[in-house]
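Below is one structure, written out as structure tokens; comments come after it.
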Amino acid sequence: MNASNAAEVRQHILDTAKPIMLGKGFSAVGLNQILLAARIPKGSFYHYFGSKEAFGEALLEAYFVDYLDHLDHLLVRQPGTGAQRLMSYWSNWQAMQEGNDPEGKCLAVKLGAEVSDLSESMRAVLRRGTTQIVARLAACIEEGQADRSLTGIADAHGTAATLYQLWLGATLLEKIQRDGQPLKVAMATTRQLLSLSEFA
């Protein structure tokens, strides 16, 4: 097998496992379920991942690569003011979490509390990934400050961290309540923290 094919097989395993993990979590998914869904033998799995924990690390790393690219699309490559691009991110988050597509759900929310207690290495991946998310949000807030679409914010990074924590918590509550209310409250609070009107 050449390097290109090997990379494709490895990615196929990760892509196949992601929706399963989003549905059931990390501990509840056995290796056999992944093998059956991906249609690969056990030996192939261990060729690419030395353990289930190493697989979990790779799954989270791949998730954050994709997620950060998605974030860059919304926060950097889209036209508009810093405030408009930032609010498009929260609007997209709200729509994805209220929807029924498991692919749109947040793997960091689904696995975060569970695997952070199970694996230090997986917790480290989550920490790196979420730190990068907050940094990108802070950069967008700074752009909003520069173009005057966001005013009255003293600490861009602190505000970014607060907003991200707000939305993570709201997403967790949405999983419990399933009525959209936690996300609506998060959106209203976001606009308040950013001093934006409902129509901004």
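Collect the residues in the stretch 18-36 that are in a loop (DSSP other than H, G, I, E, B), over 10 Å from residue 110 (Cβ atoms) and in contact (Cβ under 8 Å) with a residue 40 or more places away in the chain, keeping them in residue-number order.
The one that is in a loop (DSSP other than H, G, I, E, B), over 10 Å from residue 110 (Cβ atoms) and in contact (Cβ under 8 Å) with a residue 40 or more places away in the chain: 27.
Might you check whether a residue that is within 13 Å of the chain's Cα centre (by Cα) and farther than 20 Å from residue 187 by Cα occurs anywhere in the stretch 70-79?
Scanning the stretch 70-79, I find at least one residue that is within 13 Å of the chain's Cα centre (by Cα) and farther than 20 Å from residue 187 by Cα, so the answer is yes.
Would you be able to say whether some residue in the stretch 64-78 is of a type in the set (Lys, Arg) and over 22 Å from residue 135 (Cβ atoms)?
no
To keep it simple, each residue is scored yes or no on (1) out of contact with any Cys (no Cβ under 8 Å at 6 or more places or on another chain); (2) over 30 Å from residue 139 (Cα atoms); (3) crowded, with 18+ Cβ neighbours inside 10 Å.
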site	(1), (2), (3)
34	yes, yes, yes
37	yes, yes, no
41	yes, yes, no
56	yes, no, yes
61	yes, no, no
74	yes, no, yes
77	yes, no, no
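When you scan the stretch 37-60, how many residues do you find that are over 30 Å from residue 175 (Cα atoms) and part of a helix (DSSP H, G or I)?
Counting residues in the stretch 37-60 that are over 30 Å from residue 175 (Cα atoms) and part of a helix (DSSP H, G or I) gives 7.
Determine which member of the set 83, 108, 58, 54 is at pLDDT 95 or above, of a type outside the set (Asp, Glu) and closer than 22 Å to residue 183 by Cα.
Checking each option against the conditions leaves just 83.
Do any residues in the stretch 142-167 that are surrounded by 14 or more Cβ atoms within 10 Å (Cβ to Cβ) have Cβ atoms under 6 Å from those of residues that are at pLDDT 95 or above and of a type in the set (D, E, K, R), where the two are at least six apart or on different chains, and which pairs are they?
Qualifying pairs under 6 Å: 156/142.
Would you check if residue 116 is surrounded by 16 or more Cβ atoms within 10 Å (Cβ to Cβ), among the hydroxyl-bearing types (Ser, Thr, Tyr) and over 14 Å from the mean Cα position of the chain (by Cα)?
No: the conditions fail for residue 116.
Without any contact (Cβ under 8 Å) to a residue 12 or more places away in the chain, basic (Lys, Arg), over 22 Å from residue 21 (Cα atoms) and surrounded by fewer than 16 Cβ atoms within 10 Å (Cβ to Cβ): does that describe residue 127?
Spelling it out, it is not the case that residue 127 is without any contact (Cβ under 8 Å) to a residue 12 or more places away in the chain, basic (Lys, Arg), over 22 Å from residue 21 (Cα atoms) and surrounded by fewer than 16 Cβ atoms within 10 Å (Cβ to Cβ).
Quick check on the stretch 86-103. Is at least one of its residues of a type in the set (Ser, Thr, Tyr) and touching a helix residue (DSSP H, G or I) at 6+ places or on another chain (Cβ under 7 Å)?
Yes, the stretch 86-103 contains at least one residue that is of a type in the set (Ser, Thr, Tyr) and touching a helix residue (DSSP H, G or I) at 6+ places or on another chain (Cβ under 7 Å).
Please enumerate the residues belonging to the stretch 162-186 that are closer than 19 Å to residue 110 by Cα and hydrophobic (A, V, I, L, M, F, W, C).
Within the stretch 162-186, 163, 166, 167, 168, 170, 172, 173, 176, 183, 186 meet the criteria.
Within the stretch 171-189, can you find the residues that are closer than 20 Å to residue 138 by Cα and surrounded by 18 or more Cβ atoms within 10 Å (Cβ to Cβ)?
Selection gives 186, 187.
Restricting attention to the stretch 151-200, which residues are within 19 Å of the chain's Cα centre (by Cα), at pLDDT 95 or above and of a type in the set (Ser, Thr, Tyr)?
Hits for the stretch 151-200 are 159, 162, 164, 190.
The values are calculated or read from the model by the stated rules, or taken from the named source; none is laboratory data. Fair warning: this is a prediction, and the values are worked out from it, not measured in the lab. Neighbour counts are summed over all protein chains in view; Cβ atoms, including those assigned to glycine, are modelled from backbone coordinates with ideal geometry.
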